[in-house]
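First comes the structure, then the notes that go with it.
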Amino acid sequence: MEYFAHKTAVIDEGCTIRKGTKIWHFSHIMPDCELGESCNIGQNVVVSPKVKLGRNVKVQNNVSIYTGVECEEDVFLGPSMVFTNILNPRSHVVRRDAYVKTLLRKGSSIGANATIVCGIEIGEYALVGAGAVITKDVKPFALVVGNPARQIGWVSICGHRLIFDQNNEAVCPEGGETYTLEDNGVKVKN
């Protein structure tokens, strides 16, 4: 076996788990889902059928990733954050064929206890603050907080808040990249 699963984890037949992935206590990996290389699945996590997790996705404790969710590589899902996959759930109405897709782009991070309403896209390297409620698409490199979430700034690939100068340029203090602010978006200059 090229991955690690704690003895209390439940791994259903028909799922794909790539090399170097770790699955911890009391987690359930369901059929037809796909976990990329070097993922870390924390305690008490459920990964539902047809979910796709790219390489190096980190899922913290108590997260349920429902059918319709796709995470590209290097995505971080904070403790107890929540996904939805139906826009108008009703106990008495079966909508298993109506799951709505949610896409988390490369390097995006979701803070603890945040809620992601289905049908949206979180842009590359976006940072969603703890407890935020996401009801619409989030731009790449955006920093969003609150309920409903609103954008309060921009972050670097390393997750540092960007402070732009008079030339609309900012430098990440950790990675050293230069970012430009143009057309209401951020681009990496070098």
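The values are calculated or read from the model by the stated rules, or taken from the named source; none is laboratory data. Please read these numbers as outputs of a predicted model, since none were measured by experiment. A quick note on method: Cβ atoms are made from the backbone with ideal geometry, for glycine too, and the neighbour counts reach across all protein chains shown.
Take K106 and decide whether it is of a type outside the set (A, V, I, L, M) and at pLDDT below 95.
For K106, the condition - of a type outside the set (A, V, I, L, M) and at pLDDT below 95 - is not met.
Of the residues G54, G42, G68, which single one is in contact (Cβ under 8 Å) with a residue 24 or more places away in the chain, closer than 25 Å to V117 by Cβ and either in contact with an Asp or Glu (Cβ under 6 Å, 6 or more places away or on another chain) or not assigned by TED's automatic domain parsing to the domain that holds I120 (or both)?
G54
Considering only residues of the range 106-141 that are in a strand (DSSP E or B) and among the aliphatic types (A, V, I, L, M), which is surrounded by the most Cβ atoms within 10 Å (Cβ to Cβ)?
I110
For residues in the range 92-105 being within 13 Å of Y66 (Cα to Cα) and basic (K, R), which is surrounded by the most Cβ atoms within 10 Å (Cβ to Cβ)?
Checking each candidate, the answer is K101.
Hey, among P89, P31, which residue is in contact (Cβ under 8 Å) with a residue 12 or more places away in the chain, surrounded by fewer than 18 Cβ atoms within 10 Å (Cβ to Cβ) and part of a loop (DSSP other than H, G, I, E, B)?
Within the list P89, P31, the selection yields P31.
Which residues, taken from the range 150-186, are of a type in the set (S, T, Y) and in a strand (DSSP E or B)?
Within the range 150-186, T178, Y179, T180 qualify.
Quick test of your reading of the structure: V100 fulfils all but one of (1) in contact with a strand residue (DSSP E or B) (Cβ under 9 Å, 6 or more places away or on another chain); (2) assigned to a loop (DSSP other than H, G, I, E, B). Name the failing condition by number.
Single failed check for V100: (1).
Within the range 150-174, restricting attention to residues that are exposed (fewer than 13 other Cβ atoms within 10 Å of the Cβ) and touching a residue at least 12 places away in the same chain (Cβ under 8 Å), which residue is nearest to K136 (Cα to Cα)?
So the residue we want is N168.
Being surrounded by 18 or more Cβ atoms within 10 Å (Cβ to Cβ), touching a strand residue (DSSP E or B) at 6+ places or on another chain (Cβ under 9 Å) and of a type outside the set (F, W, Y): is that true of D74 here?
yes
In the range 125-137, what residues are under 17 Å from N184 (Cβ atoms) and either free of Cβ contacts under 8 Å to residues at least 24 places away in the same chain or out of contact with any Gly (no Cβ under 7 Å at 6 or more places or on another chain) (or both)?
A126, K136, D137
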